[in-house]
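Computed from the coordinates by the stated procedures, all read-outs in this text should not be read as laboratory data. A quick note: this is a predicted structure, and the numbers were derived from the prediction, not measured. As a convention, Cβ positions derive from the backbone with ideal geometry for all residues, glycine included, and neighbour counts pool all protein chains shown.
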Amino acid sequence: DAKTTQPTSMDCAEGRAANLPCNHSTISGNEYVYWYRQIHSQGPQYIIHGLKNNETNEMASLIITEDRKSSTLILPHATLRDTAVYYCIVLNSGYSTLTFGKGTMLLVSP
Amino acid sequence: GAVVSQHPSWVICKSGTSVKIECRSLDFQATTMFWYRQFPKQSLMLMATSNEGSKATYEQGVEKDKFLINHASLTLSTLTVTSAHPEDSSFYICSVATGSGANVLTFGAGSRLTVL
């Protein structure tokens with residue numbers, strides 16, 4: 001059973017905000033939402049994670065709905081180098097094994 | 001953050017030979033490393049969890065005798081694909097649990113194996 005649902009692909013114009021949604025309606029109270037991305041032919045890169053509060057770092061912002069059933073990763077000013085597959089992963093706190101789904105292929109165009 | 005180096009970045013070998021891939025944590029002592037495999041146009045699949053000083057834990061369906069993992073030091077884990085066959089051709093990626101946050105992993109750049 002998939003824990004998260006993401007659109008297969010999205011497009012974004014360079015310089016605009018990219019908003020990547022993720023549904024996780026069965027998330028439990030101790031599960032965090034993690035976002036990773038994978039640029040073509042490279043290893044994945046950690047972006048951000050959160051439990052229930054919105055989070056922001058130098059790469060992105062994570063907005064989690066109050067009921068925690070969905071979240072949105074926001075890249076405020078997308079660049080061509082942000083073209084990648086973005087993975088939303090729900091996981092317990094503490095070390096667990098990251099399981100990658102199919103993710104969202106974000107294409108940033110000039 | 002942690003820096004993870006993989007070597008080689010790509011390798012081509014003949015069927016039946018063995019290939020060793022190294023994963024080094026350059027600035028972090030890693031008690032746990034993870035090995036993933038990714039076939040073209042597919043997502044990453046966890047193969048095994050490598051634990052320093054003990055045996056690796058393999059995921060269901062991954063042959064431990066074919067994919068030998070050694071984690072003899074806190075900075076090095078190796079994956080050896082024994083008697084490689086064309087169906088083993090894949091992108092192998094290691095990652096390190098850095099401790100900066102649960103489940104925050106730093107990944108290597110990956111090693112692309114092509115078996116002829």
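Numbers below:
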quantity: Isolated Cys in chain A, by beta carbon distance under 4.7 Å; calculated: A:12
quantity: Residues listed by number, the range B:16-57, amide nitrogen under 20 Å from residue B:114 label point at 7 Å toward C-beta; calculated: B:16-22, B:37-42
quantity: For the range B:36-116, size of Cβ-based charge dipole, Lys and Arg +1, Asp and Glu -1, in debye; calculated: 120 debye
quantity: Neighbour-count ranking [beta-carbon atoms within 10 angstrom, fewest first] of B:65, A:82, B:27; calculated: B:65, B:27, A:82
quantity: Footprinting exposure proxy for A:35, B:10, B:35 (fewest neighbouring C-beta atoms within 10 Å first); calculated: B:10, A:35, B:35
quantity: Choice from A:86, A:36, A:46 with maximal GNM fluctuation in chain A (Cα, 10 Å cutoff); calculated: A:46
quantity: Check: the protein assembly as shown dipole with +1 on Lys, Arg Cβ and -1 on Asp, Glu Cβ, in debye; calculated: 320 debye
quantity: Debye, to nearest 20: dipole size of the range A:1-95, +1 on Lys, Arg Cβ, -1 on Asp, Glu Cβ; calculated: 60 debye
quantity: Distribution of pairwise C-alpha distances over the range A:14-82, 5 Å bins, in %; calculated: 4, 16, 27, 23, 17, 9, 4, 0
quantity: Order of A:40, B:71 - criterion: other Cβ atoms within 10 Å of each residue's Cβ, fewest first; calculated: A:40, B:71
quantity: Cysteines without a disulfide-compatible neighbour (Cβ-Cβ under 4.7 Å), chain B; calculated: B:13
